[in-house]
Amino acid sequence: MSIAVLLSAMLQGGAAAPVAPCTDPVYMVVAGPTHDRARMMAYGQAIADSQIYDRLGGYYINAPRAVATFEGDAPPGYATLIVRFPCLANAEAFWNSDVYQNEILPLRQNPSAGDYFVTVYPEIPLRPEMVGKVGEADYLVRFEGSEIPERRAYADPRGLVLGIDADAAELATPSEGWPEARLLRRDVATGEAWRLSADRATDFDGDAAPALTEIYVLRGSMRFARVALGQGDYARLGAGYDMGEVRLGADSEILLFRYPEGAPASAQPEPLVVREAETGWRAGTVARDAGAEAPLMIRDLFTDGESGARTFLVRIAPGVSVPWELHRTAEEGYLLEGDYRLAECLPSGRRDYDYAPGGYFYRPAGVMHSGPESTTTTGATWLIRTPRTLDALFYPACPSAPVAPENEEEETP
């Protein structure tokens, strides 16, 4: 006869009926955040004083506080406690007993000392290779792990480019016959980003644009074919457009972006030119649906009606910050003015970057970034590009992850 039935008879009275053998252990799991630790201590003491676990073969198999967190952010006071019973009938006898329901449980429920879930799971048999190696709450055989290979570091996504200073970027040539320029990024799948500089007027043969191309004049001027651009002007050229002879004016800096071959984008049969003098700033905001508002000023340069790709300027006031956010499209940025501290929640760990004018990043889709500590002290103006519609999903925190040392090279798969 089960001890559960005997206990039920003692606690509630009445004859005990025959039951199935109590030989299939189960685990009762109590998990959730604790709000009143003192009352929970009194609750635990009441269980111990009742000796109900002893009489039903129940015992704790863990301490309730985690010693490490590998994923996610548990709420304050979160605890998990596991009790092993010799069978489900004994766990039910404990839960349904008069002493527990009427004397012990009210100690934590009226009022609630925590928000808990209580679930019960069957125990599975030991794997054959573990039989004889574990028992009496201890391992009977030592497991040193010397033959287990080390786990590879968490890999950050391909194409990630963060914290670049354009003045220190590699020198290369965008095309044959072009002057050397600072290569910010080059990738077959996602395209290229360059910064051209000229101390004095420079002429060269621009030839045909090898891919859909965007140009933004940081300062000075640029002329090609029938197009003349000044500071703050923007141009979009279709693949194959013959630029002919190109002139960079004295003391000029130009941003040049090239799409990858076959990128989804609407055709550009004639150059699109957007003059700074003809476009204004409009008010914008982000993070409204995340419970915080960050007022911004936006100057639109181009939006592709087919792909949703955008190129625009965003001006951020001093002290503005947003929650942690994630985009389902890549995002590329070049800091035009001011300063900006930007946090990245990477698989390899959180990293923080301090950007000054000329700072550049390219972030593939799906990388969490920003957060409340990302902000500007002087105000900041960014040029931003996205290859598809820019959306944002907001999160309360960066999930726990190891912090990668600043001097450690990022590993890619």
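Annotations for the structure displayed:
- Per-peptide average of other Cβ atoms within 10 Å, ordering 300-312, 112-124 highest first: 300-312, 112-124
- Considering only the Cα atoms of the stretch 38-171, their convex hull presents on average a projected area of 15.8 nm².
- Here is the list for the stretch 33-116: trypsin sites (Lys or Arg not before Pro) lying in DSSP coil, each with at most 15 other C-beta atoms within 10 angstrom of its C-beta, are 65.
- Whole-Hz Karplus values for the stretch 182-190 come out as 7, 8, 7, 6, 8, 8, 4, 7, 10 Hz, taken residue by residue from phi with 6.51 cos²θ - 1.76 cosθ + 1.60 and θ = phi - 60°; glycine and proline positions read x.
- Anisotropy class of the stretch 161-395 from Cα gyration tensor, a/c 1.5 cut: prolate
- Derived scalar couplings ³J(HN,Hα) [the stretch 251-262; Karplus, 6.51 cos²θ - 1.76 cosθ + 1.60; whole Hz; x for Gly, Pro]: 6, 10, 9, 10, 9, 10, 10, 10, 6, x, 5, x
- For residue 205, distant residues with modelled amide H under 5 Å away: 246
- Unit charges on C-beta of K, R, D, E only; dipole of the stretch 67-210, Debye: 480
- Helical content alone sets the calculated 222 nm signal of the chain at -3000 deg cm²/dmol, taking -39,500 (n - 2.57) per DSSP H segment of four or more residues and averaging over every residue.
- Summarising the amide proton neighbourhood of residue 337: residues at separation of 5 or more, or on other chains, whose placed amide H is nearer than 5 Å comprise 381.
- Taking 0.36 nm per residue of sequence separation and removing the Cα-Cα distance, the residue 186/residue 126 pair yields an extension gain of 16.3 nm.
- A simple charge model with +1 on the Cβ of Lys and Arg, -1 on the Cβ of Asp and Glu and nothing else charged puts the dipole of the chain at about 940 debye relative to its Cα centre.
- Between the amide H of residue 87 and those of 26, distances stay under 5 Å, these residues lying 5 or more places away or on another chain, with hydrogens modeled in the peptide plane.
- Neighbours of residue 274, meaning other residues whose beta-carbon lies under 13 angstrom from its beta-carbon, give a summed charge of -1 when Lys and Arg score +1 and Asp and Glu score -1.
- Peptides 186-194, 215-223, ordered by how many other C-beta atoms sit within 10 Å of their residues on average, highest first, read 215-223, 186-194.
- Screening the chain for whole DSSP H helices of 18 Å or more along their axis (Cα) with average Kyte-Doolittle hydropathy at least -0.5 returns 37-50.
- Listed values for the stretch 386-396 are Karplus-derived 3J(HN,Hα) couplings in whole Hz (6.51 cos²θ - 1.76 cosθ + 1.60, θ = phi - 60°), namely 9, x, 9, 4, 8, 10, 8, 10, 9, 9, x, and x replaces Gly and Pro.
- Average projection, convex hull of the Cα set of the stretch 66-137: 7.6 square nanometres.
- Unit charges at the beta carbon, dipole of the chain: most positive-side option, 135, 91, 159: 91
- Inter-label distance, residue 133 to residue 341: 4.8 nm, where each label sits 7 Å from its Cα along the C-beta direction.
- Per residue convex hull volume, Cα atoms of the chain, in Å³: 215
- Annotation: for a label point projected 7 angstrom from Cα along Cα→Cβ of residue 45, residues of the stretch 57-100 with backbone N closer than 20 Å are 60, 64-65, 99-100.
Throughout, read-outs are computed from the coordinates displayed, never taken from laboratory work. Just so we're clear, the structure is a prediction, and the values are computed from it rather than from any experiment. Every residue, glycine as well, gets a Cβ built from its backbone with ideal geometry; the counts of neighbours run over all protein chains shown.
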